[in-house]
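A short worksheet on the structure shown next.
The values are calculated or read from the model by the stated rules, or taken from the named source; none is laboratory data. The shown structure was predicted, so the numbers you read here are calculated from the model rather than taken from an experiment. Neighbour counts are summed over all protein chains in view; Cβ atoms, including those assigned to glycine, are modelled from backbone coordinates with ideal geometry.
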Amino acid sequence: MKEFIIAMQFLTRLNIFKNQEVTEETFGRSLSYFPLVGFIIGGIMLLVAYLSAFCFNPYTTAVFIVITEILVTGGLHLDGYMDTCDGIFSGRPRDRILEIMKDSRVGSMGVAALFVMLFLKIAFFTELPLREYWSIILLMPFVGRWAMVYVVTCYPYARPQGLGGIFHKQGNKKLFFIVSLYSLVIILLLLPYKLWIALLLTILSSRVVAKKISKILQGHTGDTYGAVCETTEIFFLFWCIVVYKLLIV
């Protein structure tokens, strides 16, 4: 329970216990609860979507959903996503890429990537099939944070030290298996079986991105963990829409 609260306070702005005592070990072990925190984020987004639908059109509702995710998470993963895009697309050597990613200033590529990400999310939310609308929104942050567990436990850490390294030290294949097992059960229970192929395509797409980043950086960092989370959310929305329209309708 303590690790779950730590995960909640790290991944969101929902501070349940402000004076929580945190050790490096318990902080790292909170990784196992990342998908469950994503589930709570998805629930809040779904509630906003439900209330907004009473008064606003699908586009405005989609904007509210995206804003809600940013407010709840504090833009934590978007920051890592922008830093990763600044570094990866700079075309520089590995060491220089890591320096660019560590720089607190955001470059033009990071800004452009942010706008692309937000526009895609808004567009995809307006395209979601009404019949599976609630399950896709609820599970999107869940799947994204499962992907974070995947990159933390299955790839080396690219820096000598850093916040993300704490999770990497505590993460292992056993933890990944346990998290993947309960995540799969939850997803298969909530996601209509016709969209299971979309889940598989999302996992494959996320793996391609994770491997590409790892090849460039010889591992992952805290920033790339956030980048993989964000891109996995986009892949999940994209493949759910494509599979539904091409194979179901």
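The numbered conditions (1) out of contact with any helix residue (DSSP H, G or I) (no Cβ under 7 Å at 6 or more places or on another chain); (2) more than 27 Å from LEU128 (Cα to Cα) are all true for LEU217 except (1).
Here GLY43, GLY91 are screened, and the one residue that is surrounded by fewer than 20 Cβ atoms within 10 Å (Cβ to Cβ), at positive phi and not hydroxyl-bearing (Ser, Thr, Tyr) is GLY91. Taking first residues from region 45-74 that are over 14 Å from ILE136 (Cα atoms) and partners that are of a type in the set (Gly, Ala, Ser) and part of a helix (DSSP H, G or I), the Cβ contacts under 6 Å between residues at least 6 apart in sequence or on separate chains come to THR61/ALA49; THR61/SER52; PHE64/SER52. Report whether or not ILE5 is at pLDDT below 95, more than 20 Å from TYR157 (Cβ to Cβ) and assigned to a helix (DSSP H, G or I). Considered against the rule, which asks whether it is at pLDDT below 95, more than 20 Å from TYR157 (Cβ to Cβ) and assigned to a helix (DSSP H, G or I), ILE5 comes out as yes.
Of the residues LEU247, LEU175, LEU184, the single one that is out of contact with any Asp or Glu (no Cβ under 9 Å at 6 or more places or on another chain) and either crowded, with 19+ Cβ neighbours inside 10 Å or free of Cβ contacts under 8 Å to residues at least 24 places away in the same chain (or both) is LEU184.
Annotation note: of LEU118, LEU130, the sole residue that is without any contact (Cβ under 8 Å) to a residue 40 or more places away in the chain and either over 18 Å from the mean Cα position of the chain (by Cα) or more than 27 Å from TYR193 (Cβ to Cβ) (or both) is LEU130.
Among the residues that make up region 42-61, is at least one of them closer than 21 Å to LEU190 by Cα, among the aromatic types (Phe, Trp, Tyr) and either in a loop (DSSP other than H, G, I, E, B) or out of contact with any Asp or Glu (no Cβ under 6 Å at 6 or more places or on another chain) (or both)? Yes; the residues of region 42-61 include at least one that is closer than 21 Å to LEU190 by Cα, among the aromatic types (Phe, Trp, Tyr) and either in a loop (DSSP other than H, G, I, E, B) or out of contact with any Asp or Glu (no Cβ under 6 Å at 6 or more places or on another chain) (or both). Scanning region 125-168 for residues that are assigned to a loop (DSSP other than H, G, I, E, B), closer than 12 Å to THR224 by Cβ and in contact with a Leu (Cβ under 9 Å, 6 or more places away or on another chain) yields a total of 2.
Of the residues contained in region 125-141, one or more are found to be farther than 12 Å from LEU31 by Cα and in contact with a Pro (Cβ under 6 Å, 6 or more places away or on another chain). Against the numbered list (1) in contact with a helix residue (DSSP H, G or I) (Cβ under 8 Å, 6 or more places away or on another chain); (2) under 18 Å from GLU230 (Cα atoms); (3) not aliphatic (A, V, I, L, M), PHE119 comes up short only at (1). Residues that are surrounded by fewer than 21 Cβ atoms within 10 Å (Cβ to Cβ) and not hydrophobic (A, V, I, L, M, F, W, C) were ranked within region 133-149; the one that is farthest from TYR50 (Cα to Cα) is SER135. Name the single residue that is nearest to the chain's Cα centre (by Cα) among those in region 9-36 being closer than 15 Å to LEU71 by Cβ and in contact (Cβ under 8 Å) with a residue 12 or more places away in the chain. Looking at residues that are closer than 15 Å to LEU71 by Cβ and in contact (Cβ under 8 Å) with a residue 12 or more places away in the chain, I get LEU11.
Check region 20-29 and report whether any residue there is buried (at least 19 other Cβ atoms within 10 Å of the Cβ) and either of a type in the set (Gly, Ala, Ser) or in a helix (DSSP H, G or I) (or both). Yes, some residue in region 20-29 is buried (at least 19 other Cβ atoms within 10 Å of the Cβ) and either of a type in the set (Gly, Ala, Ser) or in a helix (DSSP H, G or I) (or both).
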